[in-house]
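The values are calculated or read from the model by the stated rules, or taken from the named source; none is laboratory data. Values in this document were obtained by computation on a predicted structure and should not be read as measured data. Here Cβ is always computed from backbone atoms with ideal geometry, including for glycine, and neighbour counts include all displayed protein chains. Quick note on the areas: whole protein, heavy atoms, side chains included, nothing else; ligands and nucleic acids left out. Shrake-Rupley method; radii C 1.70, N 1.55, O 1.52, S 1.80 Å.
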Amino acid sequence: MKSECIECGDNFNPKRFKLGYRTCIECGEEIAQIEMVRNRDASPLLITRALICMLQAHRWRRIWDVEEW
């Protein structure tokens, strides 16, 4: 298989292709920037949900802790 970018069709370094990349550096950088923006917007929501779950679990442990009764 040729090391041809799936985005723009240009050839890129075969060593990059062997590492598993299917895009040239320029197209890969553009895709990475888009992913970073998308993940940046989703991260606070995931962190908030995880914190809520942890706090709820901690609260239930305190409620059902027999030693406190």
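Filter the range 23-41 down to residues that are in contact with a helix residue (DSSP H, G or I) (Cβ under 9 Å, 6 or more places away or on another chain) and open to solvent by 100 Å² or more (accessible area, probe 1.4 Å), then give me how many there are.
Of the residues in that region, 1 qualify.
Restricting the first residue to the range 1-16 and requiring it to be touching a residue at least 24 places away in the same chain (Cβ under 8 Å), which pairs with a second residue that is surrounded by 15 or more Cβ atoms within 10 Å (Cβ to Cβ) and part of a helix (DSSP H, G or I) meet a Cβ separation below 6 Å and a spacing of at least six or different chains?
Here the result reads 7/27, each pair linking the range 1-16 to a residue that is surrounded by 15 or more Cβ atoms within 10 Å (Cβ to Cβ) and part of a helix (DSSP H, G or I).
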